1. Filter region 177-207 down to the residues that are hydrophobic (A, V, I, L, M, F, W, C), modelled with pLDDT of 90 or more and within 24 Å of Ala82 (Cα to Cα) and list them by number.
2. Please find, within region 133-146, the residue that is nearest to the chain's Cα centre (by Cα) out of those that are touching a residue at least 40 places away in the same chain (Cβ under 8 Å) and either more than 10 Å from Trp120 (Cα to Cα) or outside the structural domain of Pro174 (by the TED database) (or both).
3. May I ask you to list the residues in region 169-184 that are more than 13 Å from Trp90 (Cβ to Cβ) and of a type in the set (S, T, N, Q)?
4. Only one of Tyr222, Tyr231, Tyr218 is under 21 Å from Asp100 (Cα atoms) and not basic (Lys, Arg); which?
5. Could you tell me which numbered condition Met149 fails, if it satisfies all but one of (1) in contact with a Lys or Arg (Cβ under 8 Å, 6 or more places away or on another chain); (2) buried (at least 22 other Cβ atoms within 10 Å of the Cβ)?
6. Answer with yes or no whether Ala210 is modelled with pLDDT under 90 and either at negative phi or among the hydrophobic types (A, V, I, L, M, F, W, C) (or both).
7. Within region 154-168, identify whether any single residue is surrounded by 14 or more Cβ atoms within 10 Å (Cβ to Cβ), hydroxyl-bearing (Ser, Thr, Tyr) and assigned to a loop (DSSP other than H, G, I, E, B), and answer yes or no.
8. Test of understanding: among Ser194, Ser175, which residue is of a type outside the set (A, V, I, L, M, F, W, C), closer than 28 Å to Val73 by Cβ and either surrounded by fewer than 13 Cβ atoms within 10 Å (Cβ to Cβ) or in contact with a Leu (Cβ under 8 Å, 6 or more places away or on another chain) (or both)?
Amino acid sequence: MDADRLALRSEARRYFAESRGSAGSRTLRTRFAADGVPIGRFKVRRLMREANLVSRQARRAPYKKARHEKPDVPNRLNRAFAVDQPDQVWCGDITYLWADGRWCYLAVVMDLFARRVVGWAVSDSPDARLTENALAHAWQQRGRPGNVMFHSDQGVQYAAASYSKALSRFGIEPSMSRRGNCWDNAPMERLFRSFKSEWMPRGGYDSITAARRDAGAYLMGYYDLVRPHQYLEGKTPAEAEKSLNQLSKIA
């Protein structure tokens, strides 16, 4: 086997290891292209076979139908997930993580423009303080923006009076999914599915501290800065925002 082929295989292994075994041929091809190496997806698949690289695949999430509405907070977003500017629409959700023999909880805030994670928090209690901490993190991280819409499901953490007060204090308009309809908040469902299938250890974490550290490494590191997104035509969320800023300066 020639040296060029061995070098390509070595790079494929590096990209694959960086993704913790989650990257498929599409992701690897995008990573090669980002490093200035034009390569076809068929060739990437052959490299993966030669190197015995098998991607971890996410399971399809079940579809759930809506049953009831929450009349005081309408579904203002209504699945309009394509947003043309950052800090127009954020969405949030909670998922659970296994750590030290018990459950802990991860709350995340995502900016829909580039699907960028802008805030998160981990706690051993799935209460409103968890979601408030994630929201406050996002608000500070993004420079305290105004006129943002925040979309979530109808979980008690987001329906709590203290959370409504936090939204009001930050000047953020609430929007809520229809009850029981996970696809009204589909970008968050995809994010959590990616995190659990691509990154989270199958046996969970040794401690909540380890869970917090690893969640941050994925969300604000690998997911935002390294992982190419099909929705963004192969860019990372950070690159998509940077491209918009460059276009704005030209205009």
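The values are calculated or read from the model by the stated rules, or taken from the named source; none is laboratory data. Everything quoted here is computed from the prediction, not taken from an experiment. Note that each Cβ is placed from the backbone with ideal geometry, even for glycine, and that neighbours are counted across all protein chains shown.
1. Within region 177-207, Ala186, Met188, Leu191, Phe192, Phe195 meet the criteria.
2. Here the answer is Arg142.
3. Correct list: Ser177, Asn181.
4. The unique qualifying residue is Tyr218.
5. Of everything listed in (1) in contact with a Lys or Arg (Cβ under 8 Å, 6 or more places away or on another chain); (2) buried (at least 22 other Cβ atoms within 10 Å of the Cβ), Met149 misses just condition (2).
6. Answer is no for this residue.
7. No, every residue in region 154-168 fails to be surrounded by 14 or more Cβ atoms within 10 Å (Cβ to Cβ), hydroxyl-bearing (Ser, Thr, Tyr) and assigned to a loop (DSSP other than H, G, I, E, B).
8. Residue meeting the stated conditions: Ser175.
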